[in-house]
Amino acid sequence: MKQSDETWWRHGVFYQIYPRSFQDTNADGVGDIAGIINRLPYLEALGVDAIGLSPIFPSPMADFGYDIADYTGVDPLFGTMEDFDALAGAAHAAGLKVILDLVPNHTSDQHPWFVESRSSRDNPKRDWYIWREPGADGGPPNNWLSEFGGGAWEYDATTRQYYYHAFLAQQPDLNWRNPEVRRAIYDIMRFWLRKGVDGFRVDVIWHLIKDAEFRDNPTNPNFLEGRRPHQKILPLYTTDQPEVHDVIAEMRRVIDEFGSRVLIGEIYLPLERLVAYYGKDLSGAHLPFNFVLLSAPWHARSIEKVIADYESLLPVGAWPNWVLGNHDRPRVASRVGRDQTRVAAMLLLTLRGTPTLYYGDEIGMHQVAIAPEQVRDPFEKNVPGVGVGRDGCRTPMQWDATTHAGFSTATPWLPLAGDFLHENVVNHEADARSILNLYKALIRLRKKLPQLVSGSYVPIAAQGDVLLYRRESEGAAVVIALNLGAEPVSIVSDAAGLSGEILLSTFLDREGEKIEGTLDLRGNEGAIISG
Ligand code: GLC
């Protein structure tokens, strides 16, 4: 049963689609909106409640849609506005919410706003972007660096000033200190909300405001050669500025004009700073994306600690969330290793908080090696060889064993994983014990057992590779036991309060088994046990 109450985003399971790579229907090798519509039955069967789409707006695609030239249109590569309306209608009819990617920090340099802004110093849109005089030596105004390599200031010969870009030079940053910019973006939000969009994932929301005095960032004493070059300096004055929370509170008010919508923030910050994005009195994002699992060492004690830290830092009333994959970070199957992918799935879907899945992770898709001549990601092109490339987690969805994996009839824009003949949706559907069927079983169980959704999180002391916790609500409890190691383990039931039966094992072969005395887990096994 689908949740339709005000706080659906607390109960639901979110699924991120990278539209370029999900399903192509017009044989150009790039996924499109019609393809997503065709695959809605798959998403329904998987059991997710909301789909989040990476940008579908008109864009020169310098950063694959994160460089937007028109915020209220649809790029022809993905289809038309009619296609989008059809998707929203069909998704809603199927009980699925639709979340769009809002990219307010920067536009494309082709956006009419920037074309105007750069045309002259006294253009009315000049102050919509961040223009500065050259520094004393005629060079950039300060030492700020672009996340994608090199300096963050681009010289404009026509007007003899520099503009700031936190990412590519083709992605000039908007000036969020300008109220006109704010109003323009809020109206864009309203445009989509009126169309029935259920919320936004706001791109790099912690970047929106920069230091008013444009002070130099301090150097990073811990920088190691071979790391991302922008980490040479600490982003003290470029991100996470106190005033950003006023902006987010304004965005939240726009969301609240419509009711039952969700505001999600993309934020890479340590947990203690991340939780500030819930806002004062929860006036900020409903869900500041919690990315800790994307980088936490995969050891029981480290994972236990990040969960405890997060739980203890959450403001009163704030709703947690967990993310296992996205289009910017290596695939979970490659991060934790193939054998642990099922354990990771069980973790994601049994922790307290809204889970976000990344397309393809449900069939265990791994990071695909991309040959130098096949690189498409501008980040990798700018900063080659240090492992920043994001193409490997953006490869086409593996639907079946036909040519191009059923993704397209044409050569896909990125290569397919070499194992798609075996690792594909059709095969996984046919195999009762596949990881896809594990995901389905986990999602079904969440819908059946309220304690998995709204129950408290109670850690249980464990040792070695075992991660153990209870989810408890109104007297009903389940225990989750995860073996993050490859060796079998035996857990003494009394100590862990284990007395019931196995509801689900990650191998899908022990349901109904009674626990007496000890719970024995195989290597790389996780289990949910009735309390
Ligand atoms: C976000 C997006 C990423 C993009 C960047 C610049 O981090 O997730 O894909 O490159 O913003 O817009």
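Readers should treat all values here as calculations from the given coordinates under stated rules, not as data from a laboratory. All values derive from a computational prediction rather than experimental measurement. Backbone-built Cβ (ideal geometry, glycine too); neighbour counts: all protein chains shown.
Just a few scattered comments:
- Available extension along the chain between GLU213 and ASN38 is 57.9 nm, counting 0.36 nm per residue and deducting the alpha carbon span.
- ASP400-VAL115 FRET efficiency (beta carbon distance; Förster radius 35 Å; 0.05 resolution): 0.20
- Dividing the alpha-carbon radius of gyration of the stretch 175-282 by the rule-of-thumb value 2.2 N^0.38 Å gives 1.23.
- Spatially proximal lysines relative to LYS195 (Cα-Cα < 20 Å; intrachain offsets below 8 disregarded): LYS97
- When the chain is reduced to its Cα atoms, the Kirkwood hydrodynamic radius in Å: 24.2
- Taking Cα centre as origin and charging only the Cβ of basic (Lys, Arg, +1) and acidic (Asp, Glu, -1) residues, the dipole magnitude of the stretch 400-531 rounds to 460 debye.
- Contact order, relative form, for the chain: 12 percent (alpha carbon pairs under 8 Å, 6 or more residues apart, mean separation divided by residue count).
- Straight-distance candidates among the aspartates and glutamates for linking to LYS280, with alpha-carbon spacing under 17 Å and chain neighbours fewer than 8 residues away dropped: ASP240, GLU243, ASP246, GLU250, ASP256, GLU272.
- Pair-distance profile P(r), taking every C-alpha pair of the stretch 112-164, with 5 angstrom steps and integer %: 5, 22, 29, 21, 17, 6, 0
- Between LEU234 and ALA486, the C-beta separation translates, for a Förster distance of 45 Å, into a calculated FRET efficiency of about 0.75.
- Taking the number of Cβ atoms within 10 Å of each Cβ as an exposure proxy, the fewest-first ranking of THR219, THR356 is THR219, THR356.
- Bridgeable aspartates and glutamates around LYS232 (alpha carbons under 17 Å apart, same-chain partners fewer than 8 residues away excluded): GLU147, ASP216.
- Pairs of alpha carbons in the stretch 293-374 whose separation is greater than 19 Å (percent): 40
- The stretch 138-216 and the stretch 422-501: distance between their alpha carbon centers, rounded to Å: 43
- Report summary: the helix-based calculation at 222 nm, which adds -39500 (n - 2.57) for every DSSP H run with n ≥ 4 and divides by the residues of the chain, gives -7000 deg cm²/dmol.
- When Rg and the Kirkwood radius Rh are both evaluated on Cα atoms of the stretch 455-530, their ratio Rg/Rh stands at 0.93.
- Counting 0.36 nm for each residue step from VAL458 to ARG433 and taking away their Cα separation leaves a gain of 6.1 nm.
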